[in-house]
Amino acid sequence: MERRILYLNHLELEALVPQKISTVLVPVGTVEAHGIIPLGTDVIIPEAIVDRIAERIEALVAPTVAYGITRGLFGYPGTLHIRAGTFKAYMRDVLESLARIGFKHLIVINGHGGQTDELKSVLFEVSRDRNVKTLLIDWWYDMDELRKRTLARESGHAAADETAAVMAIDPDLVKKDLYDDEMMVRYSKQFAAYPFPGTIITYSEGDASLNLDKNACEAFFNAVIDQVTHLITRTLTLWGRS
Ligand SMILES: [Zn+2]
């Protein structure tokens, strides 16, 4: 069945929510430079995740919020920035509107770490004020074992993990010819630079270089989907008991 709200009419939606479906997935991202993968990487990955899990968790899919808070990479061509206050107010209105329709479980699938704090704050406020349950998923966290098993790499920004996800979604979006290992810049608390002097960023001393093997990338992303699905299913079950 069609699960994207944008493609349902209001009569179909009314027949579904909340009687048959009480969970909505909201993909949220930002537009920023990502090395050799698209400016929309933080949007493309959450959209692919919700597309693959909506049926498994019996949810509808809300329209994507593609504009977000980009700070460190502001200044690179194509990178867009929404001020934190604007983003929070906008997200709050989006989520409150979904609660008003009748959704009881609002799940944000976020693609961008630079707005996690703001999303947590909004999700708490909406849960408190609208008597709904809210869940934020930053898909790339807690993937160490899974990432090492499938990609044999460390995590990073526009590095092995995000690039593998994009590769699994559409290999044509990964511009291999533009890549060399020198593009990788190590993040350090010793300095802050605006913009940061590179868009492929590693946070550890380990190897975060791109693994461009398509099978490995697909194994990684499939495992990500399974883990995220499990996390959501378990949370919904536990909420149901409370
Ligand atoms: Zn990203």
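Quick look at the numbers
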quantity: Antiparallel DSSP beta bridges within the chain, as percent of all bridges there, nearest 5; calculated: 10
quantity: Leading residue at positive end of dipole, the chain (Cβ point charges), from Ala62, Ala152, Leu16; calculated: Leu16
quantity: Low-density loop cleavage sites - chymotrypsin sites (Phe, Trp or Tyr not before Pro) in region 1-85, where at most 14 other Cβ are within 10 Å (DSSP); calculated: none
quantity: Local net charge near Asp51, Cβ-Cβ under 10 Å (Lys/Arg +1, Asp/Glu -1); calculated: +1
quantity: Cα-based helix-to-principal-axis angle, 214-241 vs the chain, degrees rounded to 10; calculated: 30
quantity: Cut-off 11 Å between beta-carbons: net charge of the residues surrounding Arg92, Lys and Arg +1, Asp and Glu -1; calculated: -3
quantity: Trypsin sites (Lys or Arg not before Pro) within region 164-233: DSSP coil, no more than 14 neighbouring Cβ in 10 Å; calculated: Lys175, Lys189
quantity: Order of Asp226, Asp180 - criterion: other Cβ atoms within 10 Å of each residue's Cβ, fewest first; calculated: Asp180, Asp226
quantity: Reachable lysines, given that their alpha-carbon falls under 25 Å from the alpha-carbon of Lys189 and they are not under 8 places away in the same chain; calculated: Lys120, Lys148
quantity: Exposure proxy order (Cβ contacts within 10 Å, fewest to most) of Glu47, Glu205, Glu125; calculated: Glu205, Glu125, Glu47
quantity: Degrees separating the helix 41-53 axis from the principal Cα axis of the chain, which is the longest one; calculated: 50
quantity: Computed over the chain: relative contact order in percent, which uses C-alpha pairs under 8 Å that are six or more apart; calculated: 21
quantity: Angle between the chain longest axis and helix 160-169 axis [Cα atoms, degrees, rounded to 10]; calculated: 60
quantity: Computed label-point distance, nm, for sites Tyr203 and Tyr141 using a 7 Å Cα→Cβ extension; calculated: 0.9
quantity: Residue order, fewest to most surrounding Cβ atoms within 10 angstrom, among Tyr179, Tyr141; calculated: Tyr141, Tyr179
quantity: 15 Å beta-carbon shell around Thr202, net charge (K/R +1, D/E -1); calculated: -4
quantity: Surface/4 estimate of mean projected area, convex hull on alpha-carbon atoms of the chain, nm²; calculated: 13.7
quantity: Cα→Cβ-extended label distance, 7 Å offset, between Thr233 and Leu212, nm; calculated: 3.6
quantity: Over the chain: helical MRE at 222 nm, DSSP H runs n ≥ 4 each giving -39500 (n - 2.57), nearest 500; calculated: -13000 deg cm²/dmol
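Values quoted throughout were computed directly from the atomic coordinates according to the rules given, and no laboratory measurement underlies them. Every value quoted in this text rests on a predicted model; they were computed, and no experiment measured them. All Cβ positions, even for glycine, are placed from backbone atoms using ideal geometry, and neighbour counts span all protein chains on display.
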